[in-house]
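**Student:** To start, I am sharing the structure in question, which I have written as structure tokens.
Any read-out appearing in this document is the output of simple, stated calculations on the displayed coordinates, not a laboratory observation. Computed from a predicted model, the values in this text were never measured in an experiment. Please note: Cβ atoms are built from the backbone with ideal geometry, for glycine as well, and neighbour counts cover all protein chains shown.
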Amino acid sequence: MARVTLLQAIHDALLEEMERDPRVFVLGEDVGREGGVFRATEGLIRRFGPDRVIDTPLNEGGIVGMAIGMALNGMRPVVEIEFADFIFPAFDQIVSELAKFRYRSAGQFTAPVVVRAPSGGGVKGGHYHSQSPEAHFIHTAGLTVVMPSTPADAKGLLTSAMRSPDPVIFFEPKALYRTAKGEVPEGEHLVPIGVGRIARPGEDLTLVAWGAMVPVAEAAAERASAEGVRVEVVDPRTLWPLDVGMIEASVNRTGRAVVLHEAPRTCGFGAEVAALIQERCFPRLKGPVGRVTGFDTPFPYALEKSYLPDPERVLRAIRAAMKS
Amino acid sequence: MTDPVVISAIRTDGSVDPASDPGLTGPELLLLYEKMVLLRSLDEKGVALQRSGRIGFYIPSAGQEACPVGAGYALQEGDWIFPSYRDHGMALMRGSSLATLVAQLYGNSADATRGRQMPNHWCDRSISLVSVSSPVATQLPQAVGASYAAMLRGEPVAAIVSFGDGGTSTGEFHAGMNFAGVFRTPTVFFCENNRYAISVPVSRQTASTSLAVKAEAYGFPGIRVDGNDVLAVHKVVRDAMARARGGGGPALIEALTYRVGPHSTSDDPTLYRTEEEVAEWRKKDPILRFASFLKIRGVLNDALEAEATAVAREAVRQTVAAVEAAPPVPPESLFEDVYEEIPWNLAEQRAAFLSGRS
């Protein structure tokens, strides 16, 4: 075990899988000599050469389209989108092409591409370097959507994503790239897709959070414990297919639930999680499912701290839920 | 910049321009003719089936047959095809069965793609013909990726990607052409300029004097060919594919042709073009033109011509009858092939649907 950052864990997963499997490629803007704008691919071009670590022209639709073609022809491409905010030029290739090849060809063609995209705020990036667009992709049939919050999960889930038979949109919480440090198994480490994690056990309330909101949830849970409320923090890790069984079991024990995410509230993934909880746990629920989210505004620059949920806002939602 | 000259091969006197003569044998010439006739017969039947309500939609390629047939005959085992929805002729040339194509129109249990898409969205893995989608030109960067993978593995194959004049206006055209130029992939961009993107004429797609000239900006050759001349089309595609397979990089081919029918069975071309214009192009019909050529050469005569048409129509008729008899796709297949394994949400939805609870 080594103690590494989430960014280092991403890098190690890429490096080790490229060594193991010659079909794995990395492509995107600045992934080669620059090593990526966040340095996730640092040094890979020296190890594997420019044919496998491909600095592409600046065109996200072209990058994902090229990756699809490579995957159709037997490769395992990993795309880096510099910021999740820049994924939208590739939206058609992801939604109408990547996600649909298996279905529209009845399994004759599949495109196992991993699209990595640093997402979320907290880095003073304004609207175009801060968004959390996971709901768009969860809504799209045919995609697997992952967002780890710990270095070990980042390595284990990215490795699983690179071996998945289905396309994976892999969101990386950029606010945690260098702040999240943790023990990561050396060598091959796999975390199964579709299995959540109890980040903190508790008996009184279930708090579901992912990505950079997990440490916020843990901080709020810590403060709640000082008020005598034992909060269970569930980190789904894979957003879709969601580990609904883990959430259901937790809420059936606690009887209370709050969902927390950075993305805007309306039609955010929290709405789906809340709906699933009320469908499955209604007899055990002691009150409505709470939501703590970003606001239904564009992501602000100056008022970023006001926009992002913080432990105080989460604590208020926990207190409100405990009153019911 | 100057527009490339338009290459043609077939001359009205029955001779072939030596510079663009593909040098095909008599049986090969006859094969091309028969496949164009078969394609025309399939299209006539497709439109008739839609008009009589037996299939939901159809996209004919009438008037353009020389493009997919000439190009398709230039492809080899291992080459990739990223077609548009009007390129079923390429599938026929590479050995897709008529039954495969007709079954896709019906989308019933005979269809290898299980009725997942509307008619003319072909797919045949056995000939590396990649599943067609409706959004225009999305297949261009994909073709670059597939050919890049083949190039890195050192395989002597290339990809052909076809699209229409409207496709050249898309961002994906730029992305695909640009990536191919930068990575020098074995990719042949085959643009069938049939003059209209549904109703919008090519003059509204570009102010450029040709489409082929655009290749110059991407650093590789642009070629213009008479798209109603099956021999010329075959020759330029064969040369471009051979050059690509040999490491010479990509090429753009603009085939000048004309869609004499509607864009699809939902289109009314009288809204945007004159009968006179269509009549002029009917005189340049690629099948009639090739037939006259073959007759002068002694490869075809009136009896053989009539027989080819009769054989093609009968083959289509028999295939339609067989495919039409197949049962519909089973309802539970709705939930399959979304992922490799069915996730919990689809399993729940399937169970509810099949039990009548949803």
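**Student:** For the range A:197-323, what is the charge dipole size about the Cα centre, in debye to the nearest 20, if Lys and Arg each add +1 at the Cβ and Asp and Glu each add -1 at the Cβ?
**Tutor:** Details: 17 positive and 16 negative charges, 73 e Å.
The dipole of the range A:197-323 has a size of about 360 debye.
**Student:** May I pose another question? For residue A:305, give me every one of the aspartates and glutamates with a C-alpha distance below 19 angstrom, ignoring sequence neighbours fewer than eight places off in its own chain.
**Tutor:** Output for residue A:305: A:85, A:218, A:262, A:296.
**Student:** Separate question: So which helices of chain B fit the span-like rule, where a helix is a whole DSSP H run, its Cα atoms reach 27 Å or more along the axis, and its mean Kyte-Doolittle is at least -0.5? List each step's numbers first, then the result.
**Tutor:** On the way: long enough: B:26-51 (38 Å, 0.14); B:302-324 (33 Å, 0.16).
Long hydrophobic helices here: B:26-51, B:302-324.
**Student:** Shifting gears a bit: To make sure I understand, if each residue's beta carbon is the centre and we count other beta carbons within 10 Å, what order do A:286, A:124 fall in, fewest to most? Don't skip to the answer; put the middle values down first.
**Tutor:** Details: A:286 14, A:124 11.
Exposure proxy ranking, most exposed first: A:124, A:286.
**Student:** Towards the positive end of the charge dipole of the range B:207-248, with charges on Cβ (+1 Lys, Arg; -1 Asp, Glu), say which of B:217, B:241, B:230 has the farthest Cα.
**Tutor:** With unit charges placed on the Cβ atoms, the residue in question is B:241.
**Student:** Tell me the volume per residue, in Å³, of the convex hull enclosing the alpha carbons of chain B. Could you put the intermediate results ahead of the total?
**Tutor:** Details: hull volume 55.4 nm³, N = 358.
Roughly 155 Å³ of hull volume per residue.
**Student:** Check residue A:76: other-chain or 5+ apart residues with amide H under 5 Å from its amide H, H built from backbone geometry?
**Tutor:** Close amide H contacts, sequence-distant or interchain: A:24, A:25.
**Student:** When the Karplus curve 6.51 cos²θ - 1.76 cosθ + 1.60 is applied with θ = phi - 60°, which whole-Hz ³J(HN,Hα) does each residue of the range A:131-148 get, with x for Gly and Pro?
**Tutor:** Going residue by residue, I get 6, 10, x, 4, 4, 4, 8, 5, 6, 9, 4, x, 9, 9, 10, 10, 8, x Hz, with x marking Gly and Pro.
**Student:** Let me know the whole percent of all Cα-Cα pairs from the range B:19-106 that are separated by more than 20 Å. Don't skip to the answer; put the middle values down first.
**Tutor:** Values: 1368 of 3828 pairs.
Here the tail beyond 20 Å accounts for 36 percent of pairs.
**Student:** Charges only on Cβ, +1 for Lys and Arg, -1 for Asp and Glu: so what's the dipole of the range B:6-327 about the Cα centre, in debye to the nearest 20?
**Tutor:** That gives the range B:6-327 a dipole magnitude of about 480 debye.
**Student:** For a quick check: with amide H placed at 1.01 Å from N, whose amide H comes under 5 Å from residue A:261's, ignoring anything fewer than 5 positions away on the same chain?
**Tutor:** A:292, A:293, A:294
**Student:** Give the cross-link partners of residue A:286 among the lysines, using a straight C-alpha distance below 21 Å as the criterion and excluding same-chain residues fewer than 8 apart.
**Tutor:** In chain and number order, the partners are A:323.
**Student:** When all C-alpha to C-alpha distances in the range A:197-323 are sorted into bins of 10 Å, what percent of pairs does each bin hold, rounded to whole numbers?
**Tutor:** Result returned by the calculation: 14, 49, 31, 5, 0.
**Student:** Which ³J(HN,Hα) values, rounded to whole Hz and listed in residue order, are derived for the range A:71-80 from phi using the Karplus coefficients 6.51, -1.76 and 1.60 in 6.51 cos²θ - 1.76 cosθ + 1.60 with θ = phi - 60°, glycine and proline given as x?
**Tutor:** 5, 4, 9, x, 8, 10, x, 10, 8, 10
**Student:** Please label the shape of the range A:2-184 as rounded, prolate or oblate, based on the square roots a ≥ b ≥ c of the eigenvalues of the alpha-carbon gyration tensor (a/c under 1.5 means rounded; beyond that, a/b larger than b/c means prolate, else oblate). Don't skip to the end; give the middle numbers.
**Tutor:** Working: a/c = 1.45, a/b = 1.22, b/c = 1.19.
Rounded shape, in that the Cα axes give a/c under 1.5.
**Student:** What order do you get for A:240, A:210 when you list them from fewest to most C-beta neighbours inside 10 Å?
**Tutor:** Values: A:240 23, A:210 33.
By the 10 Å Cβ count, ascending: A:240, A:210.
**Student:** Taking the Cα centroid of the range B:309-346 and of the range B:127-164, what is the distance between the two, rounded to the nearest whole Å?
**Tutor:** Computed from Cα coordinates, the inter-centre distance equals 25 Å.
**Student:** Shifting gears a bit: Identify, among A:88, A:133, A:152, the residue whose Cα sits farthest towards the positive end of the charge dipole of the range A:2-184, taking +1 on the Cβ of Lys and Arg and -1 on the Cβ of Asp and Glu, with the dipole about the Cα centre.
**Tutor:** Projecting each Cα onto the dipole axis, the largest value belongs to A:152.
**Student:** For chain A, take the longest principal axis of its alpha carbons; what is the angle in degrees between that and the long axis of helix A:213-226, to the nearest 10 within 0 to 90?
**Tutor:** Result, in degrees: 20.
**Student:** Further question on the same structure: What is the sum of charges, Lys and Arg at +1 and Asp and Glu at -1, for the other residues whose Cβ falls under 14 Å from the Cβ of residue B:20? Show your work: numbers first, answer last.
**Tutor:** On the way: positive: B:11, B:224, B:235, B:238; negative: B:17, B:21, B:226, B:229, B:239.
Value of the local net charge: -1.
**Student:** Along the charge dipole of the range A:208-324, which of A:242, A:260, A:315 sits closest to the positive end, that is, farthest toward it, with unit charges on the beta carbon of Lys, Arg, Asp and Glu (+1, +1, -1, -1)?
**Tutor:** Positive-end residue among those listed: A:315.
**Student:** From the backbone phi of the range A:32-40, what are the Karplus-calculated ³J(HN,Hα) couplings (6.51 cos²θ - 1.76 cosθ + 1.60, θ = phi - 60°) in whole Hz, Gly and Pro given as x?
**Tutor:** So the Karplus estimates, Gly and Pro as x, are x, 4, 6, x, x, 5, 9, 6, 5 Hz.
**Student:** Given all pairs of different Cα atoms, what value in angstroms does the Kirkwood hydrodynamic radius of chain A take? It would help to have the intermediate numbers written out before the result.
**Tutor:** Working: mean 1/r = 0.0504 Å⁻¹.
Kirkwood radius, chain A: 19.9 Å.
**Student:** Show the residues, 5+ positions off or on another chain, whose built amide H is closer than 5 Å to the amide H of residue A:199.
**Tutor:** A:233, A:234, A:235
**Student:** What is the angle, in °, between the Cα long axis of helix A:151-162 and the longest principal axis of the Cα atoms in chain A? Nearest 10 is fine, range 0 to 90.
**Tutor:** 50 degrees
**Student:** Measure up B:35/B:235; B:35/B:283; A:124/A:155; A:155/A:181; B:35/B:295 against 22 Å on the Cα-Cα distance and list the ones that go over. Walk me through the numbers on the way to the answer.
**Tutor:** Details: B:35/B:235 17 Å; B:35/B:283 20 Å; A:124/A:155 26 Å; A:155/A:181 12 Å; B:35/B:295 17 Å.
Checking Cα-Cα distances, A:124/A:155 exceed 22 Å.
**Student:** Give the angle, between 0 and 90 degrees and rounded to the nearest 10, that separates the Cα long axis of helix A:244-254 from the longest principal axis of the Cα atoms of chain A.
**Tutor:** 20 degrees
**Student:** Please give the average number of partner chain Cβ atoms lying within 10 Å of the Cβ of each residue in A:75-82, rounded to a whole number. Before the final figure, lay out the partial values.
**Tutor:** Numbers: counts 7, 0, 3, 0, 0, 0, 0, 0.
Shielding by partners across A:75-82 averages 1.
**Student:** Report, as an integer, the average count of C-beta atoms from other chains found within 10 Å of each Cβ along A:97-103. Provide the component values of the computation, followed by the final result.
**Tutor:** On the way: counts 8, 1, 2, 6, 6, 7, 10.
For this peptide, the per-residue mean of nearby foreign Cβ atoms is 6.
**Student:** To the nearest whole number, what is the average tally of beta carbon atoms from other chains within 10 Å of the beta carbons of peptide B:339-346?
**Tutor:** On the way: counts 13, 7, 4, 1, 7, 6, 6, 2.
Neighbouring Cβ atoms belonging to other protein chains average 6 per residue here.
**Student:** Going by a ≥ b ≥ c, the root eigenvalues of the Cα gyration tensor, does the range B:231-302 fall in the rounded group (a/c under 1.5), the prolate group (a/b larger than b/c) or the oblate group?
**Tutor:** Oblate shape, in that a/c is at least 1.5 and b/c is the bigger or equal ratio.
**Student:** Using only the alpha carbons of the range A:68-156, what is the convex hull's orientation-averaged projected area in square nanometres?
**Tutor:** Working: hull surface 25.5 nm².
The number I arrive at for the range A:68-156 is 6.4 nm².
**Student:** Further, regarding this structure: Could you pull the Cα extents of the protein assembly as shown along its three principal axes, largest to smallest, in whole Å?
**Tutor:** Rounded to whole Å, the extents work out to 98, 58, 43 Å.
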